[in-house]
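Student: Here you go, one structure.
Nothing in this text is a laboratory measurement; each read-out follows from the coordinates by a stated rule. Since the structure is predicted, the reported quantities are computational estimates derived from the model, not experimental observations. For neighbour counting, all protein chains shown are included, and Cβ atoms are generated from backbone atoms with ideal geometry for every residue, glycine included.
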Amino acid sequence: MGQTLFDEPSGAGDIAGPLAARLRPASLTEVVGQEHLLGPGGPLARLLQAGSGSSVVLHGPPGTGKTTLALLLSRSSDAHFTELSAVNAGVAQVRSAIAEARERLRRRGQPTVLFIDEVHRFSRTQQDALLPAVENGWVTLVAATTENPSYSLVSPLLSRSLVLELHPLGRDHLRTLLDRAVEHESGLRGQVEVDEDAADHLCRLAAGDARRLLTLLEAAAAGLPADGGRLGVADVEQVAQRVALRYDRASDQHYDMASALIKSVRGSDVDAALHYLARMAEGGEDPRFLARRLVVLASEDVGMADPHALPLAVAGAQAVALVGWPEARITLAQVVIALALAPKSNAVVVAIDEAIDDVRRHGGGVVPAHLRHGHPGYAYPHEDPRGVLAQQYPPDDLLDRRYYRPTGRGGEAALAQRWDNLRNIVRGDDERGGR
């Protein structure tokens, strides 16, 4: 087999290992992105400059620099760096690392930065095992998580740590990393030329993840001759025909993506809604979960502005339960499009929530006697030619309450006029304008 671009040349041991590892920043000036933390006066910049021993929880998506920042924190204080992954480390490994850190501090006076990746995977017992070490300063804990630490970490650990959120890298950040990887001596050494379209495609596929960007670049360039060449879109697509989406059904991303889908439908942006639907579908989301959310939305955000929205959403949910993936993608897309394009009204949810609030605060009130079972005095509406007649229905203290206030959008425009006419007849001389 002939030599390729990534065969290690003689004396080039510094370029061994994955491209993302070889290009890991060795100083603060090499870090790309996270300006809100590392810019002038930023909380992480202050910690790095001071060599502080404060424990830190870094949370954010994969490939945003959590491990790199942990390493920089250890170097800023000349600390020993110990790394554990919550995926395969148990309480015994945690206690062993802490014991070694205490001994190191006692014998040599050297502090330890204990970096725990995926810390949200630790149980409460495992997290509690960290508390004495953090409390007594035996280690400086740097914990990394892709989930919201408020939900995944125990309160005592959070209260002893500075919680910092890392953001996905923007396109300009990714392009800077791409250009650096192409030219760097530990990267492609200037032997590869990346077409502009291919660079754009790589940044798009990376979706804010620096590690994914460099992994895709390395895989695409590996097929080129040893002396380099030109990297086009076809080369990128060959190694990334299907992007591994950053989506975890068991994490906060599940709820973030569902929220983005619902808000896009509510906001009437069909294409954005289809984008989030596609991401959830490709990420392996349960189609029944999506169908249920759309059924709720049909009443909550469309309501009587289009009374057909709810039957459509229910029919979609039934179809999804019947066929499952992959055919369910078509049914869900149809429902998403219909709901996004439908006129919007939240008058239904406002009405029922206001009625419930009245009941909770003021009780039910006395049911008028003529409405009670078996009591005389009830007027039968069908006996009136109009099918409606003047009669008191609410309790006395709710005569002026008006819960359902139709909008002028879609089908509710006609309903608003109809409800006013009916209310005037039903309330008769007791009509007092309502609130």
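Student: Amide H of L84 versus every other amide H placed in the peptide plane: which residues, excluding those fewer than 5 positions away on the same chain, fall under 5 Å?
Tutor: For L84, the qualifying residues are F115, I116, D117.
Student: Further, regarding this structure: Seen from all sides and averaged, what is the projected area of the convex hull of the Cα atoms in the stretch 171-239, in nm²?
Tutor: With every direction weighted equally, the projected area is 3.9 nm².
Student: Using only Cα atoms, find the angle between the long axis of helix 328-341 and the longest principal axis of the chain, and express it within 0 to 90 degrees, rounded to the nearest 10.
Tutor: Taking the Cα atoms of the chain, the angle to 328-341 is about 60 degrees.
Student: What is the mean projected area of the alpha carbon convex hull for the chain, to one decimal in square nanometres?
Tutor: Quarter of the Cα hull surface area: 32.0 nm².
Student: Here's something else I'd like to know. Please report, in debye to the nearest 20, how large the charge dipole of the chain is about its Cα centre when each Lys and Arg carries +1 at its beta carbon and each Asp and Glu carries -1 there.
Tutor: Roughly 1200 debye, rounded to the nearest 20.
Student: Just how large is the dipole of the stretch 161-205 about the Cα centre, in debye to the nearest 20, putting +1 at every Lys and Arg Cβ and -1 at every Asp and Glu Cβ? Walk me through the numbers on the way to the answer.
Tutor: Values: 5 positive and 10 negative charges, 43 e Å.
My answer is approximately 200 debye.
Student: Quote the charge dipole size of the stretch 34-165 about the Cα centre in Debye, to the nearest 20; the model charges only the Cβ of Lys and Arg (+1) and of Asp and Glu (-1).
Tutor: Working: 12 positive and 11 negative charges, 88 e Å.
Rounded to the nearest 20 debye, it is 420 debye.
Student: Projecting each Cα onto the charge dipole of the chain (Lys/Arg +1, Asp/Glu -1 at the beta carbon, about the Cα centre), which of G387, H275, G65 comes out farthest on the positive side?
Tutor: G387
Student: Which of L164, F122, S96 sits closest to the plus end of the dipole of the stretch 34-165, meaning its Cα is farthest towards the positive end, when Lys and Arg get +1 and Asp and Glu get -1 on the C-beta?
Tutor: Ranked along the dipole, the leading option is S96.
Student: Ok, one more. Antiparallel versus total DSSP beta bridges in the chain: what percent is that, nearest 5?
Tutor: Just about 5 percent of them are antiparallel.
Student: Whole-Hz ³J(HN,Hα) for each residue in the stretch 359-373, computed from phi via Karplus 6.51 cos²θ - 1.76 cosθ + 1.60 with θ = phi - 60°, x for glycine and proline: what do you get?
Tutor: Working through the residues one at a time gives 4, 5, 8, 10, x, x, x, 7, 5, x, 4, 6, 8, 6, 5 Hz.
Student: Calculate how steeply helix 66-76 sits against the longest principal axis of the alpha-carbon atoms of the chain, using the helix alpha-carbon long axis, and give the answer as 0 to 90 degrees to the nearest 10.
Tutor: Taking the Cα atoms of the chain, the angle to 66-76 is about 50 degrees.
Student: Next question, about the same structure. Using a cut-off of 13 Å between beta-carbons, work out the net charge of the residues near D78 (Lys and Arg +1, Asp and Glu -1, D78 not included). Please list the in-between numbers first.
Tutor: Numbers: positive: R75, R104, R108; negative: none.
The answer is +3.
Student: Considering the dipole of the stretch 278-435 built from charges on the beta carbon (Lys and Arg +1, Asp and Glu -1) around the Cα centre, which of L398, N346, Q318 is farthest to its positive end?
Tutor: Q318
Student: From the phi angles alone, apply the Karplus equation (6.51, -1.76, 1.60; θ = phi - 60°) to the stretch 22-32 and give each ³J(HN,Hα) in whole Hz, x where the residue is Gly or Pro.
Tutor: 5, 9, 4, x, 9, 8, 4, 5, 8, 6, 10
Student: Given the -39500 (n - 2.57) contribution per DSSP H run of 4+ residues, what per-residue ellipticity at 222 nm results for the chain, rounded to the nearest 500 deg cm²/dmol?
Tutor: Mean residue ellipticity, 222 nm, calculated: -14000 deg cm²/dmol.
Student: Over its Cα atoms, what ratio of radius of gyration to 2.2 N^0.38 Å does the stretch 56-147 give?
Tutor: On the way: Rg = 12.4 Å, N = 92, 2.2 N^0.38 = 12.3 Å.
Ratio of Rg to 2.2 N^0.38 Å for the stretch 56-147: 1.01.
Student: Going by alpha carbons, how many degrees (0 to 90, nearest 10) lie between the helix axis of 91-108 and the longest principal axis of the chain?
Tutor: Around 50 degrees separate the two axes.
Student: Given H placed 1.01 Å from N in the peptide plane, which residues other than close sequence neighbours of T112 have an amide H under 5 Å from its amide H?
Tutor: For T112, the qualifying residues are H80, T140.
Student: Among residues other than K344 whose Cβ falls under 14 Å from its Cβ, what is the net charge (Lys/Arg +1, Asp/Glu -1)?
Tutor: Net charge in that neighbourhood comes out at -2.
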